[in-house]
Amino acid sequence: SDGSIRLHQMTSEYPLMQWNGSTNGQPIIALQWALTRPAVFFALDASSNIYIWDLLENDLLPVAKQTIPSEKVVTMTLLGEPEKANGLLGIVLAKESGQLDIQYVKKKWALP
């Protein structure tokens with residue numbers, strides 16, 4: 001609820017990494033690992049900002065932020081084919097009106 005993200009290992013109750021204030025205090029409403037690239041995850045905050053984290057590139061801050069200005073995004077999910085090396089990775093955004101928007105991710109964050 002405060003925008004903090006914690007990375008846990010299943011065998012410990014303590015986080016391996018913790019990022020406080022990663023969304024300037026906005027609650028995170030969805031977070032998902034990339035299906036095609038294990039070191040990348042995406043976070044959606046309550047202000048319709050999508051943060052892209054690539055832990056191999058930078059483990060302190062998100063590597064990109066994209067604001068969806070047209071309408072409030074209420075949730076997101078990722079789609080892709082992890083068994084294929086084509087690097088196609090998409091984000092499905094569900095908007096408050098019920099409309100779905102599919103956007104493709106740049107290859108540098110999608111390739112295995």
Just checking, does the stretch 5-26 include any residue being within 20 Å of residue 80 (Cα to Cα) and surrounded by 14 or more Cβ atoms within 10 Å (Cβ to Cβ)?
no
*Say whether the condition of being aromatic (Phe, Trp, Tyr) and farther than 21 Å from residue 112 by Cα is met by at least one residue in the stretch 18-33.*
yes
Result of the Cβ filter at 6 Å on the stretch 15-41, keeping first residues that are touching a residue at least 12 places away in the same chain (Cβ under 8 Å) and partners that are among the polar types (S, T, N, Q), at least 6 apart or interchain, is 20/4; 26/47; 27/1; 30/75
Selection from the stretch 38-55 of residues open to solvent by 50 Å² or more (accessible area, probe 1.4 Å) and small (Gly, Ala, Ser) yields 47
Residues of the stretch 1-35 being outside any loop (DSSP other than H, G, I, E, B) and either under 21 Å from residue 91 (Cα atoms) or hydrophobic (A, V, I, L, M, F, W, C) (or both), in sequence order, are 5, 7, 16, 17, 19, 28, 29, 30, 31, 32, 33
Filtering the stretch 56-96 for residues that are open to solvent by less than 80 Å² (accessible area, probe 1.4 Å), polar (S, T, N, Q) and part of a loop (DSSP other than H, G, I, E, B) leaves a count of 2
Within the stretch 27-37, restricting to residues that are open to solvent by less than 40 Å² (accessible area, probe 1.4 Å) and at pLDDT 90 or above, the one that is nearest to residue 70 (Cα to Cα) is 30
Filtering the stretch 97-107 down to residues that are under 14 Å from residue 34 (Cβ atoms) and part of a strand (DSSP E or B) yields 103, 104
Per the filter on the stretch 36-47, residues within 22 Å of residue 18 (Cα to Cα) and part of a loop (DSSP other than H, G, I, E, B) are 37, 38, 39, 46, 47
Every listed condition ((1) in contact with an Asp or Glu (Cβ under 8 Å, 6 or more places away or on another chain); (2) more than 21 Å from residue 1 (Cβ to Cβ)) holds for residue 102 save (1)
Exercise for review: Kindly indicate whether residue 111 is open to solvent by 50 Å² or more (accessible area, probe 1.4 Å) and modelled with pLDDT under 90.
Suggested key: yes
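The values are calculated or read from the model by the stated rules, or taken from the named source; none is laboratory data. None of the values given here were measured: they were computed from a predicted structure. Using ideal geometry, Cβ is built from the backbone for each residue, glycine included, and neighbour counts are taken over all protein chains shown. Surface areas here come from the heavy atoms of the whole protein model, side chains and all, with no ligands, DNA or RNA. Shrake-Rupley method; radii C 1.70, N 1.55, O 1.52, S 1.80 Å.
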